[in-house]
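So the structure is just underneath, and the comments pick up after that.
The values are calculated or read from the model by the stated rules, or taken from the named source; none is laboratory data. The model shown is predicted, which means the values in this text are computed figures rather than measured ones. Neighbour counts run over all protein chains shown; Cβ positions are idealised from the backbone, glycine included. Ligands, DNA and RNA are stripped out before the accessible areas are found, and what is left, the full protein with its side chains, is counted by its heavy atoms. Shrake-Rupley method; radii C 1.70, N 1.55, O 1.52, S 1.80 Å.
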Amino acid sequence: MNRERSSAAYERAKAVIPGGVNSPVRAFKAVGGVPVFVDSAEGCRLTDVDGNVYIDYVMSWGPLILGHAYPAVIEAVQRAASKGTSFGAPTEAESELGELVVDMVPSIERVRFCSSGTETTMSALRLARAATGRDKVIKFSGCYHGHGDSFLISAGSGALTLGAPDSPGITAGTARDTIVVPYNDLDAVRAVFEREATAIACLIVEPYAGNMGLVLPQPGFLAGLRELASTHGALLIFDEVMTGFRVAPGGVQEREGVLPDLTTLGKVIGGGLPVGAFGGPAALMDLLSPVGKVYQAGTLSGNPLAMAAGIATLRVLREPDVYPRLAAAAARYIEGLDEVFERYDIPHQVAQRGSMTGFFFTKTPVIDLAGAKTADVEFYADFFHAMLDRGVYLAPSQFEAGFLSLAHDEVAIDATIAAAEEAVLSLMAAV
Ligand SMILES: *Cc1c(COP(=O)(O)O)cnc(C)c1O
């Protein structure tokens, strides 16, 4: 596959943008080689600047649950743009998306919009601290909550991929207020509460962890967190930026029947435009300015183009059969991969919830970051490139989830599985 123009584009980008990318995971650092520069995308396929076409399992890292350039979303954005791109004054579209969120997400009575997932977790943490009068936050190693200082301690996603979980530039004071425990380890959480219950403002968790690969909660883990938080007067925050509207209309909280105090949302809610949202009970959310004293703001928050894309996306997601179709596509994909790896005796683990998928090249069942790290990242890099050369675009890191959309049809998925078999055979031949 010829990627000359991508190579040239990468050189050009590196001259003006650190590492040539505006978000580190795009740089292919974990798998080596030159990042694919995209020209356009439609449905489940990306076209790069050299004209190569790939079946996409990254889908902009989660937002594009309907597929790329979904007609109703594009039309909604165009219609909104023709009326002006930003006003800095309220619009009815914000209430419309807000009503959809309140209706769909079980624990949310009031919601505030912003422009990224990172903003939602920073704001939710501030609100939790204000509501409890406490400073400390418990997070889980390998969970990623955006790039706010408090969360870049044992974080997942790019911070994990690049082997720099603790970023320079974060003060010792901030690091001290973040307590990190292993995912799925209720005893560790209990021990923290026994030690310093009155200091803990909140627990924040990805209820299905998707930023160290896909790691699912053990039975009782989420309910146990709920109980511990309630017992000790701390708030429970579900970071559903990835899982919200992805694994069910109401996210993990609907699927698992465990309700958090605060929920953070992003990705799917913007349908490919920049939207984040956080919400919870009215009594808590009304602590926010201008009703209450907790300050939180944004020049482009609730942007009309972004609201239009979000509304158009959520409306499609409310149609019957959408989630079963998404889950069936994801099952076909992950079961197909599982069979190929099984057939050639490649140690592996697979996971799936709805249209979220993951696989690790390890024989160890993965329930936390330590387990994820047993994966063979060199084999992943080889597999990634073998797939890329066969027209399949997987996440350029072992420690990321894979996403399917309504556009991933059986033809695309079956072509992917055939490519995986060829890729595995080529890697075995090379040894
Ligand atoms: C992607 C993600 C974020 C960060 O969202 P951005 O829009 O990239 O700032 C936060 N939490 C989770 C769980 C995510 O997957």
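So how strong a dipole does segment 71-317 carry about its Cα centre when Lys and Arg Cβ are +1 and Asp and Glu Cβ are -1, to the nearest 20 debye?
Its charge dipole is roughly 280 debye.
Would you mind working out the magnitude of the charge dipole of the chain relative to its Cα centre, with +1 at each Lys and Arg C-beta and -1 at each Asp and Glu C-beta, to the nearest 20 Debye?
Rounded to the nearest 20 debye, it is 1100 debye.
Pop the C-beta distance of T374 and E335 into the FRET formula with R0 = 25 Å and round what comes out to the nearest 0.05.
FRET efficiency, T374 to E335: 0.65.
Taking 2.2 N^0.38 Å as the expected size of a compact globular protein, what ratio does the Cα radius of gyration of segment 71-317 give against it, to two decimals?
The value comes to 0.99.
Per residue Cα convex hull volume for the chain, in cubic angstrom?
With only Cα atoms used, the chain gives 142 Å³ per residue.
Given only helices, namely DSSP H runs of n ≥ 4 each adding -39500 (n - 2.57), what is the per-residue ellipticity at 222 nm of the chain, to the nearest 500 deg cm²/dmol?
After summing the helix terms and dividing by residue count, I get -11500 deg cm²/dmol.
What does the charge dipole of segment 118-209 about its Cα centre add up to, to the nearest 20 debye, if the Cβ of each Lys and Arg holds +1 and the Cβ of each Asp and Glu holds -1?
200 debye
In degrees between 0 and 90, to the nearest 10, how far off the longest principal axis of the chain does helix 304-317 point, with axes built from Cα atoms?
The angle comes out at about 70 degrees.
Percent of accessible area on segment 3-65 owned by carbon and sulfur, 1.4 Å probe?
About 49 percent, which is the carbon plus sulfur part of the accessible surface.
Output the peptides 70-83, 24-37 sorted from most to least packed, where packing is the average of other Cβ atoms within 10 Å over each peptide's residues.
24-37, 70-83
Only Cα pairs under 8 Å and at least 6 apart count here; give the relative contact order of the chain as a rounded whole percent.
Relative contact order of the chain: 22 percent.
For segment 71-317, which whole-number percentage of the solvent-accessible area (1.4 Å probe, protein heavy atoms only) is attributable to carbon and sulfur atoms?
Roughly 53 percent of what the probe reaches on segment 71-317 is carbon or sulfur.
Going toward the positive end of the dipole of the chain, with +1 on Lys and Arg Cβ and -1 on Asp and Glu Cβ, which of L388, A13, Q296 do you reach last?
Q296
What accessible area per residue comes out for segment 71-317, rounded to a whole number of Å², with a 1.4 Å probe?
Result: 38 Å² per residue.
Take a quick pass over the chain and tell me how many lysine pairs come in under 29 angstrom between Cα atoms, counting only ones 8 or more apart or on separate chains.
Total qualifying Lys-Lys pairs in the chain comes to 17.
Using modelled amide H (1.01 Å from N, peptide plane; none on Pro or chain starts), what sits under 5 Å from the amide H of A277, excluding residues fewer than 5 places away?
C114, L265, G266
Per residue, what volume in Å³ does the Cα convex hull of segment 275-326 take up?
Residue-normalised Cα hull volume stands at 110 Å³.
Protein chains only, probe 1.4 Å: how do Y183, Y144 rank by accessible area, largest first?
Per-residue accessible area, sorted high to low, gives Y144, Y183.
May I ask for the angle, rounded to the nearest 10°, between helix 410-430 and the longest principal axis of the chain, with both axes built from Cα atoms and the value confined to 0 to 90°?
70 degrees
Once you keep just the Cα pairs under 8 angstrom separated by 6 or more residues, what percentage relative contact order results for segment 71-317?
Answer for segment 71-317 is 30 percent.
Could you point to the residue in V258, C114, A89 farthest towards the positive end of segment 71-317's charge dipole, with +1 and -1 charges on the Cβ of Lys/Arg and Asp/Glu respectively?
Farthest towards the positive pole: A89.
How would you rank 196-209, 326-339, highest first, on the average number of other Cβ atoms within 10 Å across their residues?
196-209, 326-339
Set Lys and Arg Cβ to +1 and Asp and Glu Cβ to -1, take the dipole of the chain about its Cα centre, and tell me which of P274, T374, A327 lies farthest positive.
P274
Compute the acute angle (0 to 90°) between the alpha-carbon long axis of helix 71-81 and the principal axis of greatest extent of the alpha-carbon atoms of the chain; round to the nearest 10°.
50 degrees
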